[in-house]
Amino acid sequence: MGKSLHNTRSATRILILILLLLIPILAGRPPALGIRGFLNDRAADIIGARPLAAPGLVVPEGLTGKGEIVGLADSGLDAGSVDDIHPDLHSTPGQMPKVVMLKSWAGREKADDPIGHGTHLAGIIAGSGAASGGQYRGIAPGASIYFQGLLDKEGALSPPGDLASLFRAAYDAGVRIHVDGWGGGPNAYRDVSAQIDAFVRQNPDFLPIFGAGNGGPVQGSLTAEANSKNALVIGASESVRPAFSPDANDAHRQADFSSRGPAGDGRLRPDLLAPGSALVSTRSRLVDSNFPANQQYTVMGGTSQAAAVAGGAAAVLRQYLRGNGFPDPPAALMKAALVNAAWTPQEGPTAAFPGILDLAGTILALEEGTMHLADGNRGLGEGQEATFQFQVTDSGAPLRATLAWTDPAPAPGATTALVNDLDLTVIAPDGRTYAGNDFAGEGQLDRRNNLEKVYIKNPTPGTYTIKVKAAAVRKNALPGNPVPAQDFALAYGQPLERGVVAGATADGRVTLSDGRTITAPSGGIKNCVDGAIAPADAAYILPGADAYLGPRTLYIVARRWQAAGVQALATSGGALFLEINSQARTGGYYFNTAGSLALNGRPVGVADLQPGFDLAATINPSTGTLWQVRAGYQEKEGFLAYVNLAKRELRILGDDRSYSFSPRVAVTFADSLVEAAPADLPYGAADRADPSTLVPGMAVRLVLDPETGQVQYIAVKRELALGTIAGVKGDTLTLATGTDYTLFPGAPVRRDGREAGVADLQPGDWVILNLMPGSHQIIALTAYSNVTYGRVLYLSGDRHSLYLMDCTNQFRSYNLDDSTRVFRWGLPVSAATLSPGDWVRLTAVPGETTAWRVDAVSPAGEVDRVLAGVDGEKGLLRTADGSTYTLTSRTLVTLNGYRVAAADLPAWLPVSLTLLEGPERPILARVAASSFPGSQPPRLEVSVLQSAGEVVLKGTTSADRLYLQHDNGAQEVVPVGTGGSFQWRVPTGEKNVLLIALDRTTSGVTGQKLDLTSIQDEGFWDTRGHWAENDINKMAARGLVAGYEDGSFRPDNPVTRVELIAFLVRLAGWRVPAGSQPDFTDRQIIPDWARATVAVALERGLVSGYPDGSFRPGQVVSRVEAAAFFTRYLEIAGKLPSGSAPGASGPATSSSGTTAASNSASAGTAGPGSRSAGALSSSQPPPFTDWDSVPVWGREAVARAYAAGLMGGMAPGVFAPLSPLTRAQAAAIMARML
């Protein structure tokens, strides 16, 4: 006992002395942000480009796009010189130059790249990977680039007005694939769309590839270029870098930012998806790198990057086709092949999900003969058909057929872009007929698209007949043909059966994860590991490999991952393995639960792994998930006795051995929370560390490589207390929990980023207390006066702006810059990992919106329950199923969206709970309660009065609880007197307050936002800088339009019929009697809040309905329908006299059989009235180039709306009658009507 006691005392003395040395280190500011992104090596794995490049897998030299020249029109290329260019774009002596041409097409002196976009795409397409040892090479590293710079002298993107000139120069130089990562304009068929289609029709072996746009996930958000028929339009799928980006989790999911179809005329778009979320590729020297792991590269993402991936894939496919019977493959043939073999869920493609690019699946199916291509270059005349047959012997793979044709261009602005119409049908052995794009199986032939697909999930064995019929040939696509004809391309057959390898036996049998056992076919097994051919025996066939089973050959494709200093994290998406060192981090992998995990040779679970282990794992390439993980480490704990950074060695107190550490050793703080407020438990207080952080005396845990003995990971142990200061007395401060802590003499104190003293600390400051182990002595203190807890609503694309709803139910925005530190999983990460739906604790510069620090967590779950009761003293919420949850001072509690106190919620209310991880029970981030069915909002009447320089709120209410919420989020209870009267003084200077009335018996709740200054609101966060911002704010201030729960207005969303009726009834100021019911057959689907409003509109003659008696409340209003609504409203309001509008037709019968006269129109709106439009000639229609596309029934209304100054064009000279009316347009038009 004496010896032990002596050692303990000695260690304590040493520790106290060393802590004095540690104090300056512990107070230091951490280094800058880490990396973010997605690497090309994983994009190549997902689409299967990497194994195809392996010599011998398909062709002896490998498929790399060799001999192909890919055109790329974009910002610029590096410094603008082919002689001084990124290493990945250097030419190889004796081969075709890597960059065959580099020229500006926008009048710039040289085609340099000050924004980095074009350089990034060039590397994705054809980069050699020379600057990374081949790791970050492009999809087609053997291809060449023909580059056309599009930045003008001012640095603005300036594509030529005539795209044919851009394409022609490239085509004449041998380009047959042209990548265009730019676009804009409305989702409509415009002149640029027609130019693309016309050039491809004239040069049918030329394939332009355009990104769909980055306007997702909104439907109908495509660019005008993406409305082209003959281009290959690419949307973005997710990559698999879960530690880098919320859009990099699932390789089989469409990225949220990717624009969705349909095209403006209803065509299916995009054609295909490809990995596009945050790719690492070549960096222009004119921009800074955001990828510390290799400064030659940078991280970008979008459908431009997805288009570049597809461009590289097309080059590889074209190389293959040229060597296999198609010396000059048409663009339509390449499109059909790639679309036909795309990865889809087992149920097949849908109108919303076209499939994800699968280059390996495409080429291997062609190589094995399970998919066939047909070039119908002789064309079909109207009524003619071509017939093909395919024999199905195995129903294990779907039967797929894809028809594509290069359609002539219609006139720009055409209502329907399709000119020549071909039909694809597949007839099964039992006689059943499948029609192209008939995803619902209704037997409907497609009349819109020049790309048609048939997918038969489990085809019955037998002979299938595939027919291509020319339903209508309105324009000759083949000049010189005696009769008008349309050429086509067809891909049909079955993809190779797929599986994931579970293991292999010595006799050559391969077991798949679904239990199947595969015997090698006649052609044997071709095994590709990490992009190179490997022996096809059990020792080299790796678990987790992708297996492609052909009739002749079994192809196996495997990837491996080795890393040191790895941590396994439990996340909502599963167990995430990633490198602790942010400088070595490659994005992490999720562990596939079907795989296996071992530590130091014995099976374990994820929870058994301590941070810092070394890892050797196999990966499933197409999904990017870990399959077989073999982890190992040795560990050593103690106090640092010696550190030499130059020699990279250290020693532990009481151990004479010297330990060397890796140049990329991971160093972190391993924190033990002695005390923390419940609200802080999910977040902790991680900090950055590196080898320079290490000083003698620190308590550490070393993790050693089990083979070399080298230190791979160092965990510096800390004891922390977190919370809010309740009081300060001398050197002792008391936290809100009631616990006292005393500052160690000389311990550093920092407040709001500056050195401070104890006297500078204020009650309410949030603090991180670094404690002497085993005591309440503070050895370092960091305090912040501005701390916010809340839910992330939105992040800007560059991750520099963050918008959140805080725990006081206030909307807030913050700026993130290079100094902002972001933490997740207890590790430093980049802002790219933040995602809407995350919950954060954020510290910011006092009085400003710049964030210093963001700690983020994902919700542990969201559950719907019934409230049983709240114990305010213990901070517990109980639900009817017996569950208990922790309430904190930062829990956002709302009732019907209004913030209330949890203790005021009546029992048995339905509640939606957002949960965060807690040590004992889930911690509540949000409690969203709903009133009992049938409960009515309490009465609330209030006057805002001035009295003695103060604002006085005076009124009456039927509620028994009244809250006043201030601008800063503070909330107080306003006493309610006898009879419901109240009076309350508000401090001078406040601009707005929210008064909330709650009936705690019935659960009815209501609120009034009170403007105390009469100054117009700032507006919605998503309308700042919008062209209609002022009109939207004006209408919102009048209560005529409103926003959404997340604080947005969504100005570009389409307006539905029920929304537009509500807008106009409010504008008219018509009284809406409660309980009124409109006489429509579908009144039950009209929202409750709108039924009485629609009834008033019907009574007033603003709306009549459809011939079948329906109202169709959710139907989107087109611009021509809107014109009818607005002019009818003005008639009713007496602001628009009767008369005949110029250029309008008389009454006409619509396609639905309704007469477009004074009371009804084809879309069920009030029909057009008449007036004399003096601004127009009596015989001339409005000056719209698309006037002929305005339906006859709506022309009078459009003419009158134009003459009245209510509606102009979507673009100069273009009315776009069938485009949806947006919320912004509706607000602007109503502002003109005031």
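Among the residues examined, Gly361 qualifies as modelled with pLDDT of 95 or more and touching a Phe, Trp or Tyr at 6+ places or on another chain (Cβ under 9 Å). A single entry from Ile541, Ile518 fulfils the requirement of being over 34 Å from the mean Cα position of the chain (by Cα), in a strand (DSSP E or B) and either in contact (Cβ under 8 Å) with a residue 12 or more places away in the chain or crowded, with 19+ Cβ neighbours inside 10 Å (or both): Ile518. Taken over the stretch 330-348, residues that are surrounded by 24 or more Cβ atoms within 10 Å (Cβ to Cβ) and not in a helix (DSSP H, G or I) amount to 3. On the given criteria, is Ala243 of a type outside the set (Ser, Thr, Tyr) and either assigned by TED's automatic domain parsing to the domain that holds Gly413 or within 23 Å of Asp41 (Cα to Cα) (or both)? So Ala243 passes the test.
Any residue at all in the stretch 1119-1128 that is surrounded by fewer than 22 Cβ atoms within 10 Å (Cβ to Cβ) and either touching a helix residue (DSSP H, G or I) at 6+ places or on another chain (Cβ under 7 Å) or within 18 Å of Thr1222 (Cβ to Cβ) (or both)? No, the conditions are met nowhere in the stretch 1119-1128. Of the residues making up the stretch 349-367, those that are within 10 Å of Pro495 (Cβ to Cβ) and in a helix (DSSP H, G or I) are Gly361, Thr362, Leu364, Ala365. The residues on offer are Val973, Val927, and the sole one that is in contact with a helix residue (DSSP H, G or I) (Cβ under 7 Å, 6 or more places away or on another chain), under 27 Å from Asn786 (Cβ atoms), among the aliphatic types (A, V, I, L, M) and at pLDDT 90 or above is Val927. Evaluated against (1) assigned to a loop (DSSP other than H, G, I, E, B); (2) within 15 Å of Leu827 (Cβ to Cβ), Ala670 falls short on exactly one condition, (1). Of the residues making up the stretch 603-614, those that are over 13 Å from Leu576 (Cβ atoms) and either assigned by TED's automatic domain parsing to the domain that holds Pro51 or not in a helix (DSSP H, G or I) (or both) are Pro603, Val604, Gly605, Gln610, Gly612, Phe613, Asp614. Contact map, the stretch 1099-1111: residues that are over 20 Å from Arg1066 (Cβ atoms) paired with residues that are surrounded by fewer than 15 Cβ atoms within 10 Å (Cβ to Cβ) and modelled with pLDDT of 90 or more, Cβ distance under 6 Å, separation 6+ or inter-chain. Pairs shown: Gly1109/Thr1081; Ser1110/Thr1081. Of all residues in the stretch 592-609, which are buried (at least 19 other Cβ atoms within 10 Å of the Cβ) and within 29 Å of the chain's Cα centre (by Cα)? Passing the criteria: Asn592, Gly595.
Checking Thr914, Thr879 one by one, the residue that is of a type in the set (Ser, Thr, Tyr), over 34 Å from the mean Cα position of the chain (by Cα) and either on the phi > 0 side of the Ramachandran plot or modelled with pLDDT of 95 or more (or both) is Thr879 and no other. The single condition among (1) farther than 29 Å from Ala860 by Cα; (2) of a type in the set (Lys, Arg); (3) in contact with a strand residue (DSSP E or B) (Cβ under 6 Å, 6 or more places away or on another chain) that Lys729 does not meet is (3).
All of Val1072, Val1094, Val1041 fail the test of being β-branched (Val, Ile, Thr), more than 29 Å from Tyr803 (Cα to Cα) and buried (at least 23 other Cβ atoms within 10 Å of the Cβ), apart from Val1094. Within the set Lys110, Lys103, the sole residue that is in a loop (DSSP other than H, G, I, E, B) and over 24 Å from Asp798 (Cβ atoms) turns out to be Lys110. Checking each residue in the stretch 489-540 for being touching a helix residue (DSSP H, G or I) at 6+ places or on another chain (Cβ under 6 Å) and over 25 Å from Gln391 (Cα atoms) picks out Cys528, Gly531.
Here is the figure for the stretch 794-815: residues that are surrounded by fewer than 20 Cβ atoms within 10 Å (Cβ to Cβ) and either aliphatic (A, V, I, L, M) or in a strand (DSSP E or B) (or both) total 8. Part of a loop (DSSP other than H, G, I, E, B), closer than 17 Å to Pro745 by Cα and of a type outside the set (Val, Ile, Thr): does that describe Ser775? Here the answer is yes, as Ser775 does meet what is asked.
Considering only residues in the stretch 255-271 that are in contact with a strand residue (DSSP E or B) (Cβ under 6 Å, 6 or more places away or on another chain) and not charged (D, E, K, R), the one that is modelled with the highest pLDDT turns out to be Pro270. Filter the stretch 282-295 for residues that are in contact with a helix residue (DSSP H, G or I) (Cβ under 6 Å, 6 or more places away or on another chain) and at pLDDT below 95 and give the result. Result: Asn294, single match. Annotation: of all residues in the stretch 156-168 being more than 21 Å from Pro114 (Cα to Cα) and either crowded, with 17+ Cβ neighbours inside 10 Å or among the charged types (D, E, K, R) (or both), the one that is modelled with the lowest pLDDT is Asp162.
When the stretch 127-148 is filtered for residues that are under 20 Å from Ala306 (Cβ atoms) and assigned to a loop (DSSP other than H, G, I, E, B), the ones remaining, listed by number, are Gly127, Gly129, Tyr136, Arg137, Gly138, Ile139, Ala140, Pro141, Ala143. Return yes or no: is Ser281 farther than 18 Å from Gly216 by Cα, in contact (Cβ under 8 Å) with a residue 40 or more places away in the chain and touching a strand residue (DSSP E or B) at 6+ places or on another chain (Cβ under 7 Å)? For Ser281, the condition - farther than 18 Å from Gly216 by Cα, in contact (Cβ under 8 Å) with a residue 40 or more places away in the chain and touching a strand residue (DSSP E or B) at 6+ places or on another chain (Cβ under 7 Å) - is met.
Annotation: of all residues in the stretch 615-655 being in a strand (DSSP E or B) and among the aromatic types (Phe, Trp, Tyr), the one that is nearest to Arg585 (Cα to Cα) is Trp627. Only residues that are out of contact with any strand residue (DSSP E or B) (no Cβ under 9 Å at 6 or more places or on another chain), hydrophobic (A, V, I, L, M, F, W, C), surrounded by fewer than 22 Cβ atoms within 10 Å (Cβ to Cβ) and under 16 Å from Pro186 (Cα atoms) were counted in the stretch 1180-1230, giving 3.
With respect to the stated conditions, Val179 fails to be buried (at least 21 other Cβ atoms within 10 Å of the Cβ) and in a loop (DSSP other than H, G, I, E, B). When Arg1223, Arg1200 are screened for being at pLDDT 90 or above and over 41 Å from the mean Cα position of the chain (by Cα), only Arg1200 passes. Just to be sure, is Thr891 closer than 27 Å to Phe811 by Cβ, surrounded by 14 or more Cβ atoms within 10 Å (Cβ to Cβ) and not assigned by TED's automatic domain parsing to the domain that holds Val993? In short, yes.
The values are calculated or read from the model by the stated rules, or taken from the named source; none is laboratory data. Predicted model, so just to flag it, every value in this text is computed and none were measured. Note that we place each Cβ from the backbone using ideal geometry, even for glycine, and neighbour counts take in every protein chain shown.
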